[in-house]
Amino acid sequence: MKLNIKNEPQRIGVFGVGYDLYWEQFDGLLNELMGKHTVFLGKLESKKAEVIDFGMVDNPKKAYQVLKDIQASNLDLLFCNMLTYATSGTFGIIVKTLSIPIVMVALQPRKALDYSKASTYMQLVNDDICAIPEFAGVATRMGKKVPDIIIGTLYDDDHVDEKIDEYCRIAKVLHDLKNVHLGHIGHPINAMLDMHTDATMLTSVFGSHVVECEANEIMSCYNKVTDEEIRIKEELILDFFATPDPVSDPISMKLTEEDLRVAAKVSIALEKFVVERKIDGLAYYYDGPTESELRTVMSNLIVGNSILTSNGFPMCGESDLKTLIAMLIMDRLDIGGSFAEFHPVDFNEDFVLVGHDGPHNISIADGKPILRSLKKYHGKPGNGAGVEFKIKEGPITMLSINSTFDGKFKFIIAEGQSLKGAIPPTGNTNTRGHFKPDVRSFLYKWMAEGPTHHFALGIGHHAQSIAKIANYLNIESVIVSQEKLNY
């Protein structure tokens, strides 16, 4: 059985701009500029993207011609390589027509001119930023947003390399959002009004298709699992997870043989289900009849879904399609993306516990994740194995996606720190989240933006990248301020 994460490469286009009148005036200039273009293309070789080079556009006629090729290439992002000064006629029709992100790249080969030997030729070779104001102004005249910009040097510039990497990862997010098929089973927990999502609205805004699935489909896969498959999966689970003795929570126990067997069998069934339904993620919640085998299966998806989530198949409990999208965005940015909500605040040490029961992204766990048997899943039917861990110490980013009164999506984003320290031994995931300027100020400001109670939690500070994605999708976004709040 082969699980295929969406491995289609993002499609990134590149075109250079210049001014055709220069070529006869300055012998060798065009060749030197195209050499710069080749160096830039080389920076994209390691990004696992499909790169299409459209060459030099140095007059309006070429812009109209190359636009047809760009449109036919089904790109996710386009770099405009500012090789020297260029008239905005090389850009206007392109920015007017395209709806994909365009990033203007201005990378001069010299860190500074050699002023004692400077010439017009030398200036033109390094005139990468010269036309950016003109291009930006024309974008606004075309009714478009000013494109993003990378300014720096062609060689040995860490800022440039980081920005190029960021945009290539963003292109991967955009590519997969408009190509994934996300499974959906059941419904949000009754009375969780913030969870409900219009599947057509998801397709309209993100491009993702929602595949409505049935719980009996997983049950059918469960009934096909063999004893040998279970034995192998049990060994893999025990190798990956720790199974300590219980500590302070009376509803937790050391992992039982029966709970391990059920978790292993359900995990295999999920893998079969994902392959059969050709889905790339799943949001689910389904009770099933009391004391039925179907309820046993549907309440024991936690271990299998955590394994799948850590391997690029985001799985989201409580039927939360919006947070499933947030988790997918983080996964494709390569920063994790774990299902989370707020738990108790520690006012003594100024942090809030951030976590959830159910499936999680164990690829960003701090140390070996833990499995405990739980006598009950609080607030939900059933019992079985629960996943417990905290995410890696260091910077973290949160993304909540909510629906507004006027039927639009809103991204609520924040950055903080995952702190070292103990978490409750409850068979659930928790992380000590510290947020500036203090936890109380942060929580006031986060709540004021109208988030859902769920969000995706990832490692690193990536608020600006996520805000760019929202901008490209024409979605409102806010990065929660770290300024002190008077309350």
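The values are calculated or read from the model by the stated rules, or taken from the named source; none is laboratory data. Keep in mind the model is a prediction, meaning the values are calculated, not measured. Note that each Cβ is placed from the backbone with ideal geometry, even for glycine, and that neighbours are counted across all protein chains shown.
Out of all the residues in the range 118-141, which are closer than 20 Å to residue 18 by Cα and assigned to a loop (DSSP other than H, G, I, E, B)?
If the condition is that a residue be closer than 20 Å to residue 18 by Cα and assigned to a loop (DSSP other than H, G, I, E, B), then 119, 126, 127, 128, 129, 130, 131 are the ones that fit.
Of all residues in the range 142-195 being assigned to a strand (DSSP E or B) and among the small types (Gly, Ala, Ser), which is farthest from residue 79 (Cα to Cα)? Talk me through it step by step, then tell me what you get.
Narrowing the range 142-195 to residues assigned to a strand (DSSP E or B): 148-153, 181-186.
Filter once more, keeping what is among the small types (Gly, Ala, Ser): 152, 183, 186.
Numbers: 152: 15, 183: 33, 186: 42 Å.
My answer is 186.
For (1) within 31 Å of the chain's Cα centre (by Cα); (2) outside any helix (DSSP H, G or I), each residue gets a yes or a no:
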residue	(1), (2)
99	yes, yes
104	yes, yes
112	no, yes
116	no, no
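Residues in the range 242-279 that are under 16 Å from residue 217 (Cβ atoms) and in contact with a strand residue (DSSP E or B) (Cβ under 9 Å, 6 or more places away or on another chain): 266, 270, 273, 274, 277, 278, 279.
Here residue 427 meets the list (1) free of Cβ contacts under 8 Å to residues at least 60 places away in the same chain; (2) on the phi > 0 side of the Ramachandran plot almost entirely, failing just condition (1).
If you check 383, 402, which single one turns out to be of a type outside the set (D, E, K, R), within 20 Å of the chain's Cα centre (by Cα) and assigned by TED's automatic domain parsing to the domain that holds residue 294? On inspection, the qualifying residue turns out to be 402.
Looking across the range 429-487, the residues that are more than 16 Å from residue 335 (Cα to Cα), assigned to a helix (DSSP H, G or I) and not polar (S, T, N, Q) come down to 439, 440, 442, 443, 444, 445, 446, 447, 448, 470, 472.
Inspection of the range 245-259 identifies no residue that is modelled with pLDDT of 95 or more and under 31 Å from the mean Cα position of the chain (by Cα). Looking at the range 160-169, can you tell me whether even one residue there is touching a helix residue (DSSP H, G or I) at 6+ places or on another chain (Cβ under 8 Å), of a type in the set (D, E, K, R) and surrounded by fewer than 17 Cβ atoms within 10 Å (Cβ to Cβ)? Yes, the range 160-169 has at least one match.
Restricting the range 37-47 to residues that are touching a residue at least 40 places away in the same chain (Cβ under 8 Å) and out of contact with any helix residue (DSSP H, G or I) (no Cβ under 8 Å at 6 or more places or on another chain), which is nearest to residue 151 (Cα to Cα)?
40
Pairing residues of the range 182-198 that are over 16 Å from residue 211 (Cα atoms) with residues that are in a helix (DSSP H, G or I) and among the basic types (Lys, Arg), at Cβ distances under 8 Å and at least 6 apart in sequence or on separate chains, gives 195/322. Going by what's in this entry, would residue 350 be described as under 21 Å from residue 176 (Cα atoms), at pLDDT 95 or above and acidic (Asp, Glu)? Considered against the rule, which asks whether it is under 21 Å from residue 176 (Cα atoms), at pLDDT 95 or above and acidic (Asp, Glu), residue 350 comes out as no. Residues in the range 285-316 that are more than 18 Å from the chain's Cα centre (by Cα), at negative phi and not in a helix (DSSP H, G or I): 285, 286, 287, 289, 290, 292, 299, 300, 301. For the range 417-460, filtered to residues that are more than 29 Å from residue 373 (Cβ to Cβ) and of a type in the set (A, V, I, L, M), the residue that is surrounded by the most Cβ atoms within 10 Å (Cβ to Cβ) is 439.
Determine whether residue 237 is assigned by TED's automatic domain parsing to the domain that holds residue 298 and either exposed (fewer than 14 other Cβ atoms within 10 Å of the Cβ) or not hydroxyl-bearing (Ser, Thr, Tyr) (or both).
It is true that residue 237 is assigned by TED's automatic domain parsing to the domain that holds residue 298 and either exposed (fewer than 14 other Cβ atoms within 10 Å of the Cβ) or not hydroxyl-bearing (Ser, Thr, Tyr) (or both).
A residue that is in a helix (DSSP H, G or I) and either in contact with a helix residue (DSSP H, G or I) (Cβ under 8 Å, 6 or more places away or on another chain) or at pLDDT below 95 (or both) can be found somewhere in the range 7-23. The single residue among 266, 225, 205 that is touching a helix residue (DSSP H, G or I) at 6+ places or on another chain (Cβ under 6 Å), among the β-branched types (Val, Ile, Thr), within 20 Å of residue 316 (Cβ to Cβ) and modelled with pLDDT of 95 or more turns out to be 266. Return the pairs, sorted by first residue and then second, in which the second residue is surrounded by fewer than 16 Cβ atoms within 10 Å (Cβ to Cβ) and polar (S, T, N, Q), the first residue lies in the range 1-27 and is over 17 Å from residue 168 (Cβ atoms), the beta carbons are less than 7 Å apart, and the residues are 6+ apart or on different chains. What qualifies is 3/311; 5/311. Which residue pairs have Cβ atoms closer than 9 Å, lie 6 or more positions apart in sequence or on different chains, and pair a first residue in the range 214-242 that is touching a residue at least 60 places away in the same chain (Cβ under 8 Å) with a second residue that is charged (D, E, K, R) and part of a helix (DSSP H, G or I)? So the pair list comes out as 217/276; 217/277; 218/272; 219/293; 222/265; 222/272; 222/293. The number of residues in the range 32-69 that are assigned to a helix (DSSP H, G or I) and either out of contact with any strand residue (DSSP E or B) (no Cβ under 6 Å at 6 or more places or on another chain) or surrounded by fewer than 17 Cβ atoms within 10 Å (Cβ to Cβ) (or both) comes to 21.
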